[in-house]
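Engineer: One structure, as structure tokens, below. Some questions next.
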Amino acid sequence: MTDQLAGGCACGAVRYRLGSAPMFVHCCHCRDCQRQTGSAFVLNALIETDRVELQSGDPQPFAMPTDSGRPHHIFRCPTCGTAVWSDYGDRKVLRFVRVGTLDDPTALTPDVHIYVRSKLPWVALPEGVPAFEAYYDSKKLWPAESLERRRALLG
Ligand SMILES: [Zn+2]
Ligand SMILES: [Zn+2]
């Protein structure tokens, strides 16, 4: 059986495994994510840092400029530069793992589409998945179990 929740960078130096399913998966269409990925959106799986088992490599943080002034660090393989996850708000305990770096990126699908006000016009959103012009209220959208995990993590 392949390990659906394992992943890594392009050169193979960074390898990781998620210890469980994430709490929630964002598809973010904001301009920052578009610019930072060079693509239409980013796919972020929100998960506790201690459930991201780093098996090899040493992703290094790169500070991104933000409008809000809240810190955002993108962690990249120091050899090939692939972005594997982010830390938003310098919270350390919470990772936003980039779903496209999974060995099987079909394993996780977005639970929500955010910042669709800047969505590229040719991107068609799927029916039945919540979408918001900007951010959203996780208390209204996340399953109870995920909210409990978030409370345990962030208080
Ligand atoms: Zn690499
Ligand atoms: Zn974004």
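Engineer: Report yes if some residue within segment 84-97 is away from ligand 2 (no atom under 16 Å from the Cβ), polar (S, T, N, Q), in contact (Cβ under 8 Å) with a residue 40 or more places away in the chain and closer than 27 Å to residue 151 by Cβ; otherwise report no.
Structural biologist: no
Engineer: If you take the residues in segment 19-29 that are touching a helix residue (DSSP H, G or I) at 6+ places or on another chain (Cβ under 6 Å) and either away from ligand 2 (no atom under 16 Å from the Cβ) or acidic (Asp, Glu) (or both), which one is farthest from residue 149 (Cα to Cα)?
Structural biologist: Among those residues, the one meeting the criterion is 19.
Engineer: Still on this structure, I have one more. Residue 4 fails exactly one of the following numbered conditions: (1) within 15 Å of the chain's Cα centre (by Cα); (2) modelled with pLDDT under 95; (3) under 23 Å from residue 143 (Cα atoms). What is the number of that condition?
Structural biologist: (1)
Engineer: Next up: Any idea which of 147, 154, 125, 46 is modelled with pLDDT under 95 and of a type in the set (A, V, I, L, M, F, W, C)?
Structural biologist: 154
Engineer: Could I ask something else about it? Please go through segment 122-139 and pick out each residue that is surrounded by 14 or more Cβ atoms within 10 Å (Cβ to Cβ) and part of a helix (DSSP H, G or I).
Structural biologist: Result: 138, single match.
Engineer: If you check 134, 152, which single one turns out to be more than 14 Å from the chain's Cα centre (by Cα), closer than 19 Å to residue 24 by Cβ, of a type outside the set (Ser, Thr, Tyr) and within 16 Å of ligand 2 (Cβ to nearest atom)?
Structural biologist: 134
Engineer: Which condition does residue 12 not pass, out of (1) more than 16 Å from ligand 2 (Cβ to nearest atom); (2) surrounded by fewer than 18 Cβ atoms within 10 Å (Cβ to Cβ); (3) touching a residue at least 40 places away in the same chain (Cβ under 8 Å); (4) over 21 Å from residue 147 (Cβ atoms), if it passes all the others?
Structural biologist: (3)
Engineer: Name the residue, out of 109, 79, that is under 14 Å from the mean Cα position of the chain (by Cα) and either assigned to a loop (DSSP other than H, G, I, E, B) or not basic (Lys, Arg) (or both).
Structural biologist: 109 is the lone residue from the list that is under 14 Å from the mean Cα position of the chain (by Cα) and either assigned to a loop (DSSP other than H, G, I, E, B) or not basic (Lys, Arg) (or both).
Engineer: Scan the strands (runs of 3 or more DSSP E) fully inside segment 1-47 and keep the ones with 3 or more residues being away from ligand 1 (no atom under 16 Å from the Cβ), of a type outside the set (Lys, Arg) and under 19 Å from residue 133 (Cβ atoms).
Structural biologist: Counting at least 3 such residues, we get 24-28.
Engineer: What about residue 111, is it acidic (Asp, Glu), crowded, with 19+ Cβ neighbours inside 10 Å and either free of Cβ contacts under 8 Å to residues at least 12 places away in the same chain or away from ligand 1 (no atom under 16 Å from the Cβ) (or both)?
Structural biologist: So residue 111 passes the test.
The values are calculated or read from the model by the stated rules, or taken from the named source; none is laboratory data. A quick note: this is a predicted structure, and the numbers were derived from the prediction, not measured. Note that we place each Cβ from the backbone using ideal geometry, even for glycine, and neighbour counts take in every protein chain shown.
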